[in-house]
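Input: a single structure, listed below in structure tokens.
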Amino acid sequence: MALLRDAGSDTQSIFSSEELEGLILKDKKAFLKTKCAECAGSCGLAKKYKETMAVIVKSMMDTFWCRDCGRVLCDSHRYQHTCERLDALKERNAKITKEALLEQLREDEARKEAQEAAAKAEERRAAEKLEEEKSRRKNQRKLLAHKAKQVESFIQQRSRDTDGLRPAVHNKLLDLYPRVKRLSLALYNQFEHPDSTEVGGPDWEEVKEIYAEARELTNMIVMTENGPLDMRNPWDPPDPEAQEAPMEGA
Ligand SMILES: [Zn+2]
Ligand SMILES: [Zn+2]
């Protein structure tokens, strides 16, 4: 500012609103000589406002004066001049834009990370569930193999102990034995190396039938630590007969 004033002339070109109003009203002649603060050339004020009342000129200040930086300017520089305030404003806007952009990028990144974390958690849950199901099936197959083995041992013992058995019954037991032995092994193999998600299947159904037949033939049952061998499994659907039983008693 000081440079401009010194370089141009001794006339002032940068004013506060009050300063400029005061000059227009008190010394209109001096005001009309004001040089452009940008190019130090004539602002053409005399030509335009020589005949205009000071009060009117004062009301038109915005046409030759920038209220942002206080410069009085010629027509060419009124809207194209060095303007600290405008520059600062532009710089601030650019900075805000940049910050907003960075913020946006950070948010996008955070959202992406959250989505990835959620997807990974979902994947983990699914894997865990799969493992749980696998483990559950393994335990079920273990129980089936164990029961089948007990039926096999029972039939093996009954077929060896021929005392008191009619030959026809004995022969039938001898028929049952290789069948139950094969099924028991198959069920054990399914426990050790399952080749499907099936648990038991037809093999287990056949073991149940064989055990029912062996009980009938021998009039004996397999006793376990927990009482008579129960061919029903904890995961089997409820037995309709067992459900009706208490109702009969009631
Ligand atoms: Zn100019
Ligand atoms: Zn300005």
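The values are calculated or read from the model by the stated rules, or taken from the named source; none is laboratory data. If you're wondering where the values come from, they're calculated on a predicted model, not measured in any experiment. Ideal geometry is used to build each Cβ from the backbone, glycine not excepted, and the neighbour counts take in all protein chains shown. These accessible areas exclude ligands, DNA and RNA; they are computed on the full protein's heavy atoms, side chains included. Shrake-Rupley method; radii C 1.70, N 1.55, O 1.52, S 1.80 Å.
Quick notes
- Linear extension gain, Asp239 paired with Thr162, 0.36 nm per residue minus alpha-carbon span: 24.2 nm
- Each residue was assigned an accessible area with a 1.4 Å probe, and for His193 the value is about 130 Å².
- Amide hydrogen neighbours beyond the local backbone of Arg71, cut-off 5 Å, H modeled: Phe15, Cys66
- Proximal aspartates and glutamates relative to Lys28, as straight alpha-carbon distance under 12 Å, when same-chain residues fewer than 8 apart are discounted: Glu51
- Shown here for the range 44-106: chymotrypsin sites (Phe, Trp or Tyr not before Pro) in loop regions (DSSP other than H, G, I, E, B) with at most 13 other Cβ atoms within 10 Å, namely Tyr79.
- Sparse-neighbour loop sites [GluC sites (Glu not before Pro); the range 133-239; at most 11 other C-beta within 10 Å; DSSP]: Glu225
- Distance between the modelled labels on Ala46 and Ala121, one decimal in nanometres: 8.0 nm (7 Å Cα→Cβ projection).
- Of the GluC sites (Glu not before Pro) found in the range 3-112, those that fall in a DSSP loop while having at most 12 other beta-carbon atoms within 10 Å are Glu51.
- Percent accessible area from carbon and sulfur atoms, the range 99-236, protein chains only, probe 1.4 Å: 51 percent
- Nearest 10 degrees, 0 to 90: helix 17-26 Cα axis against the chain principal axis: 20 degrees
- Gained length - Arg215 relative to Glu131, 0.36 nm times residue gap less alpha-carbon distance: 26.4 nm
- Sequence-separation-based contact order of the range 99-236, relative, with Cα cut under 8 Å and 6+ spacing, percent: 27 percent
- Phi to ³J(HN,Hα) by Karplus 6.51 cos²θ - 1.76 cosθ + 1.60 over the range 145-160, Hz, x for Gly, Pro: 5, 5, 5, 4, 5, 5, 5, 4, 4, 4, 5, 4, 5, 5, 6, 6
- Charge context of Ala186, other residues only, Cβ under 13 angstrom, K/R +1, D/E -1: -2
- Cα long-axis angle, helix 240-249 against the chain (0 to 90 degrees, to the nearest 10): 70 degrees
- Separation of the range 12-73 and the range 147-206, taken as the distance between their Cα centroids, equals 116 angstrom.
- 1.4 Å probe accessible area per residue over the chain, in Å²: 70 Å²
- Helical mean residue ellipticity (222 nm; -39500 (n - 2.57) per DSSP H run of 4+; nearest 500) of the chain: -22500 deg cm²/dmol
- Sequence-separation-based contact order of the chain, relative, with Cα cut under 8 Å and 6+ spacing, percent: 12 percent
- Karplus-derived 3J(HN,Hα) values for the range 137-143, using 6.51 cos²θ - 1.76 cosθ + 1.60 with θ = phi - 60°, are 4, 4, 5, 5, 5, 4, 5 Hz; glycine and proline are entered as x.
- The chain: most fluctuating residue of Ala168, Ala117, Ala127 per GNM, C-alpha cutoff 10 Å: Ala168
- Computed about the Cα centre, the dipole magnitude for the chain is approximately 1680 debye when only Lys and Arg (+1) and Asp and Glu (-1) carry charge, each at its Cβ.
- The residues neighbouring Arg106, those whose beta-carbon lies less than 15 Å from its own, together hold a net charge of -3 under the Lys/Arg +1, Asp/Glu -1 convention.
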